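Colleague: Sharing a structure here in structure tokens format.
The values are calculated or read from the model by the stated rules, or taken from the named source; none is laboratory data. These figures come from a predicted structure and were not determined experimentally. Ideal geometry is used to build each Cβ from the backbone, glycine not excepted, and the neighbour counts take in all protein chains shown.
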Amino acid sequence: MLIGLVLALAQMGCQAPPPTTRITVASAGRISSLDPAQASTLSATQLISALGDPLYRLKRDGSLEPRLAASAPVLSDGGRTVTIPLRTDVRFHDGTPFNAAAMAFSLRRFLNIGTLSYVVGDRIASVEEADAHTLRLHLSRPSTSLRGLLTSINLTPISPKAYSSHQDRFLHDRFVGTGPYKLTRFSEHQQRLEPFAQYWGEAPRNNGLDLITLSNSTALYGALRSGEVDLLLSASIDEDQRHTLHQQAIAGDLHESVGPAMEIGYITLLSNQDPFQDPNLRRALAVSLNRTEISERVSYGLRRPLRALVPPSLPGGALASWPKHNPNQARELLRAAGYCNGRPLRFPLTFRSNVPADKLLALTWQAQVQRDLPDCLVLELDGVESTTIYRQLGEGAFKAVMLDWRGSYPDPEAYLTPLLSCTSVRGDHCVDGEAAISGSFWSAPGLQTTLLETDTLVGEARRNALDRVEHLSANGAAYIPVWLDSPRAWAQLNLSPPKFDGSGQLMLAELERRFEGTTNN
Amino acid sequence: MGRARDLARYSATRLALAPLMLWLIASLVFLLLRVAPGDPVDAVLGSRAPAAAKAAMRARLGLDQSLLDQYLTYLNGLLHGDLGQALINQEPVRTIIGKTLPASLELSVIALVMAAVVGLSVGFSGIARPEGTLDLGGRLYGLGTYALPPFWVAMLVQLVFAVSLGWLPVGGRFPPSLLPPDGSGFFLLDSALQSNWAAFRGTVRHLILPAGTLALLLSGTFTTALRLNLRRTLRGDYVEAARSRGLSERQVILRHGLPNALLPVLTIAGITVASLIGGALLIEVTFSWPGIALRLQEAINQRDYPVVQGIVVVIAALVVLVSVAVDLLVAALDPRVRY
């Protein structure tokens, strides 16, 4: 009876909506803040990238494309001054002209209240308006990574007029930028974007976007399968469903686009307490892990095995600084430390219980050591909700914990500094700094100096310095990189194939609906 | 006259106890949140934010005060109707509740009506022939729907009707291509009042699966409750007396059996709607329904203390009010109830 009632009511809505050139995009995760000084989630940065423009955009080939900047940044004063010429034909959505004053306002505001201001660190000493359309940054030290930083979505300029009463506080539910779309309706679960008629660049190829968030992977997957949404953008969709969508794309039933691999998955070992005070035990764990098998079993090969901290797509990035899977070597190291032969090393491996891939990874690694090193190593799995993990990480609460990291801007520094930087080193232990916050408490003689050096060098010299940092880290083995993940988008066939830029943002303005017999809207 | 006075006294006592109950709940939530691991400042700023920024945020939010001071500030705000602001985006908690509560209420009420209609019909259908096929079917239906795991049913319904057949939306509350109707936040009501039939149809489409699933899961309770109460009632002396006066079985059931059997069902309905307001989490998560339970879950994950406290207190207040109202209604309808 109930089913009959449902079916009868369903008849009210069975008619397909008329074709439209608006595009519906679904992703996971509620957007609680649209303020570039606070936004950190993928959904929020993706939305801001459609509503605003950065100074530069990183292209897929690694080169910088000026957006609001008129040309490449000019370095002077031994790299301590950066001069950025700005475009003169840009307006914000509220009509305010974009100029050096507006850019300086946005940067100063970010430096003042930005929750991600650590991404700028102490590099920018002051911001100066050299003239109406020239911005000058005075750096406290030369910084090679500044180039990547200038592409950051968090530094997207905002209208000084619209944010005049929010200079020192966040504005969460509005965004007034210069981008190809303006925001006409915002709720945490649904946003409506209309093309901005006075946009300085190429007009969007669609008549607007409706962005929705769905709260679970099955709903996201189902919405794309049923045709309810045009495009699915999500890194958090379950592995099985990602695989199915990938297979459908191979079969030609969907478009699939893969962005640059920018997210690393790794295991942090607590290096200042037993048992992982012993670097040989950490090295034993590093070679006990069969990344290729894990990649296949957990993600059907969609997450690539990784043996480095810096994604290979970045300059100086590498795939293989850490040693390969070698259970015999793991056994020897464990034996030398007094384990094996009836005395296995038991340790708790903590994973984020709300991240399905983490649990699968933990289970697979546990099964691998049961198979390869049954008398030497026992993993005791412990699922903890991620908020609790992040809160207690810096307190040294976890012997071994699985995490992931995505740099805030496309540069090796955005990966190495948050994991390795240390302001107070005692021997091989980090007492205070990012390495402590990251839960490893690990450092090494000369590491911090080399790390700082990498940001002052360029070209081959920088690559060599980055290589030294990676090898020091691999030898210390306080972090064990596992895999590398890429953002993916799947679109219906009546849409143009989606494209990512070099920073991993989907270029929503280039999406175009293709009606039968036409190529444009 | 005496009974009316007793009823008034009873009502006053129940309502007077409500603030005490709410104070206890509010205090308990306040304490539990402070004991739970997870720092709200980390949730807002991230664990890598500079220590100075964290300290400033802690001071701004009053988290640097003693627990007692925080508690007194919280109670003072509560007494003045101020539920505070969300830590994550500084949105007033009242606004958050104002946006999410109508969604949950709309879902709950529609589901309850559907559940009552279906559940009571199934429960009533077998009464003419106890232990007959219909009665047996009703019993199985009652037990079966009661025992079904909500998450599994919701996923199944979603996969069949939304993903495979594509008849209805997978989730959400309103078509993304339309503008939601302004007004009370009850989209069905608002769109009907504004004669916005496209919005009305869109709302109905989005309501069918979550409300239908909830209704399916709840209807068994109504079926079982009515069936048992009706059978017990029909064995009562006054029913025998009615039969002996020559009334037909149909008259006996409709005039004497059913009204008395429905009184306990009324209590169940009241408790159910009250608990549904905050308790339909699995349904809201599965169908991405932007209701108060989903918002509560998100706030708990983010350690957003004011939002959690505000939502729990409001849900508790609603549960208390609805249960008092149901008690009073039953007391008013049933002359046998004593105070």
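Colleague: Would you pick out the residues in segment A:282-293 that are assigned to a helix (DSSP H, G or I) and crowded, with 24+ Cβ neighbours inside 10 Å?
Modeller: The answer is A:Arg282, A:Ala284, A:Leu285, A:Ala286, A:Ser288.
Colleague: Something else about it: Does any residue of segment A:204-211 turn out to be surrounded by fewer than 17 Cβ atoms within 10 Å (Cβ to Cβ) and more than 9 Å from chain B (Cβ to nearest Cβ)?
Modeller: For segment A:204-211, residues surrounded by fewer than 17 Cβ atoms within 10 Å (Cβ to Cβ) and more than 9 Å from chain B (Cβ to nearest Cβ): present.
Colleague: Which numbered condition trips up B:Ser108, out of (1) buried (at least 18 other Cβ atoms within 10 Å of the Cβ); (2) within 12 Å of chain A (Cβ to nearest Cβ); (3) out of contact with any Lys or Arg (no Cβ under 9 Å at 6 or more places or on another chain); (4) among the small types (Gly, Ala, Ser)?
Modeller: Condition not satisfied by B:Ser108: (2).
Colleague: Something else about it: Would you mind telling me which numbered condition in (1) of a type in the set (Lys, Arg); (2) without any contact (Cβ under 8 Å) to a residue 60 or more places away in the chain; (3) out of contact with any Ser or Thr (no Cβ under 6 Å at 6 or more places or on another chain) A:Arg87 fails?
Modeller: (2)
Colleague: Return only the number of the condition from (1) at positive phi; (2) facing another protein chain (nearest Cβ under 10 Å); (3) over 21 Å from the mean Cα position of the chain (by Cα) that B:Val170 does not satisfy.
Modeller: (1)
Colleague: For segment B:168-216, name all the residues that are among the aromatic types (Phe, Trp, Tyr) and surrounded by 19 or more Cβ atoms within 10 Å (Cβ to Cβ).
Modeller: Passing the criteria: B:Phe174, B:Phe187, B:Phe200.
Colleague: Out of curiosity, is A:Val310 crowded, with 16+ Cβ neighbours inside 10 Å and closer than 27 Å to A:Phe500 by Cβ?
Modeller: So A:Val310 passes the test.
Colleague: Mind checking which helices (runs of 4 or more DSSP H) fall wholly inside segment B:222-339 and carry at least 2 residues that are free of Cβ contacts under 8 Å to residues at least 12 places away in the same chain?
Modeller: Correct list: B:237-244, B:292-301.
Colleague: Can you tell me which residue in segment B:158-167 is farthest from the other protein chains (Cβ to nearest Cβ), limited to those that are out of contact with any Lys or Arg (no Cβ under 6 Å at 6 or more places or on another chain) and either farther than 15 Å from B:Val204 by Cβ or buried (at least 23 other Cβ atoms within 10 Å of the Cβ) (or both)?
Modeller: Taking the candidates together, the pick is B:Val160.
Colleague: List the number of the failed condition for B:Phe161; all other conditions in (1) closer than 25 Å to B:Leu318 by Cβ; (2) more than 23 Å from the chain's Cα centre (by Cα); (3) touching a residue at least 40 places away in the same chain (Cβ under 8 Å) hold.
Modeller: So B:Phe161 meets the others, but not (1).
Colleague: Something else now. Going through A:Tyr199, A:Tyr181 one at a time, which residue ends up being out of contact with any Phe, Trp or Tyr (no Cβ under 7 Å at 6 or more places or on another chain) and modelled with pLDDT of 95 or more?
Modeller: Checking each option against the conditions leaves just A:Tyr199.
Colleague: Of the numbered conditions (1) under 27 Å from B:Pro40 (Cα atoms); (2) within 14 Å of chain A (Cβ to nearest Cβ); (3) within 19 Å of the chain's Cα centre (by Cα), B:Phe287 satisfies every one except a single condition; which is it?
Modeller: It fails just one condition, (1).
Colleague: Being in contact with a helix residue (DSSP H, G or I) (Cβ under 6 Å, 6 or more places away or on another chain), of a type in the set (A, V, I, L, M) and at pLDDT 90 or above is the requirement here; does A:Leu232 meet it?
Modeller: yes
Colleague: Looking only at segment B:42-80, filter to residues that are within 27 Å of the chain's Cα centre (by Cα) and without any contact (Cβ under 8 Å) to a residue 12 or more places away in the chain; which one of those is nearest to the other protein chains (Cβ to nearest Cβ)?
Modeller: Only one residue tops the list, namely B:Gly77.
Colleague: Take A:Ala261 and decide whether it is touching a Phe, Trp or Tyr at 6+ places or on another chain (Cβ under 9 Å) and crowded, with 19+ Cβ neighbours inside 10 Å.
Modeller: no
Colleague: Against the definition (part of a strand (DSSP E or B), within 14 Å of chain B (Cβ to nearest Cβ), of a type outside the set (Lys, Arg) and touching a Leu at 6+ places or on another chain (Cβ under 8 Å)), how does A:Leu224 come out, yes or no?
Modeller: No.
Colleague: Quick one: A:Gln277 ticks every box in (1) assigned to a helix (DSSP H, G or I); (2) away from every other protein chain (no Cβ under 14 Å); (3) not basic (Lys, Arg) bar one, so which box is it?
Modeller: Checking A:Gln277 against (1) assigned to a helix (DSSP H, G or I); (2) away from every other protein chain (no Cβ under 14 Å); (3) not basic (Lys, Arg), the one that fails is (1).
Colleague: Every residue in segment A:113-165 that is touching a strand residue (DSSP E or B) at 6+ places or on another chain (Cβ under 8 Å), part of a helix (DSSP H, G or I) and not charged (D, E, K, R), please.
Modeller: Once the filter is applied, which keeps residues that are touching a strand residue (DSSP E or B) at 6+ places or on another chain (Cβ under 8 Å), part of a helix (DSSP H, G or I) and not charged (D, E, K, R), segment A:113-165 yields A:Leu146, A:Gly148.
Colleague: Being under 23 Å from the mean Cα position of the chain (by Cα) and touching a residue at least 24 places away in the same chain (Cβ under 8 Å) is true for just one of A:Val176, A:Val120. Which residue is that?
Modeller: A:Val120
Colleague: Which residue out of A:Pro142, A:Pro160 is within 30 Å of A:Leu452 (Cα to Cα), more than 14 Å from chain B (Cβ to nearest Cβ), touching a helix residue (DSSP H, G or I) at 6+ places or on another chain (Cβ under 8 Å) and not β-branched (Val, Ile, Thr)?
Modeller: Just one listed residue meets the conditions, A:Pro142.
Colleague: Does A:Phe110 meet the test of being within 14 Å of chain B (Cβ to nearest Cβ), in a helix (DSSP H, G or I) and aromatic (Phe, Trp, Tyr)?
Modeller: Answer is yes for this residue.
Colleague: Still on this structure, please answer the following. In segment B:174-188, what residues are in contact (Cβ under 8 Å) with a residue 24 or more places away in the chain and more than 8 Å from chain A (Cβ to nearest Cβ)?
Modeller: Result: B:Leu178, B:Ser184, B:Gly185, B:Phe186, B:Phe187, B:Leu188.
Colleague: Is it the case that some residue within segment A:79-97 is at positive phi and part of a helix (DSSP H, G or I)?
Modeller: Yes - at least one qualifying residue is present in segment A:79-97.
Colleague: Assuming A:Ala26 fulfils every condition listed in (1) at pLDDT 85 or above; (2) more than 10 Å from chain B (Cβ to nearest Cβ); (3) under 20 Å from A:Lys499 (Cα atoms) apart from one, which condition is it?
Modeller: (2)
Colleague: Can I ask one more? Take segment B:144-155 and flag every residue that is surrounded by 13 or more Cβ atoms within 10 Å (Cβ to Cβ) and aliphatic (A, V, I, L, M).
Modeller: B:Leu148, B:Val153, B:Ala154, B:Met155
Colleague: Got at least one residue in segment A:506-516 being closer than 30 Å to A:Pro204 by Cα, in a helix (DSSP H, G or I), modelled with pLDDT of 90 or more and among the hydrophobic types (A, V, I, L, M, F, W, C)?
Modeller: yes
Colleague: Tell me which residues, restricted to segment A:216-251, are of a type in the set (Gly, Ala, Ser), without any contact (Cβ under 8 Å) to a residue 24 or more places away in the chain and either surrounded by fewer than 18 Cβ atoms within 10 Å (Cβ to Cβ) or farther than 27 Å from B:Ser177 by Cα (or both).
Modeller: If the condition is that a residue be of a type in the set (Gly, Ala, Ser), without any contact (Cβ under 8 Å) to a residue 24 or more places away in the chain and either surrounded by fewer than 18 Cβ atoms within 10 Å (Cβ to Cβ) or farther than 27 Å from B:Ser177 by Cα (or both), then A:Ala251 is the only one that fits.
Colleague: Report whether or not B:Leu15 is part of a loop (DSSP other than H, G, I, E, B) and either over 26 Å from A:Ser32 (Cβ atoms) or touching a Pro at 6+ places or on another chain (Cβ under 7 Å) (or both).
Modeller: Against the criterion (part of a loop (DSSP other than H, G, I, E, B) and either over 26 Å from A:Ser32 (Cβ atoms) or touching a Pro at 6+ places or on another chain (Cβ under 7 Å) (or both)), B:Leu15 does not qualify.
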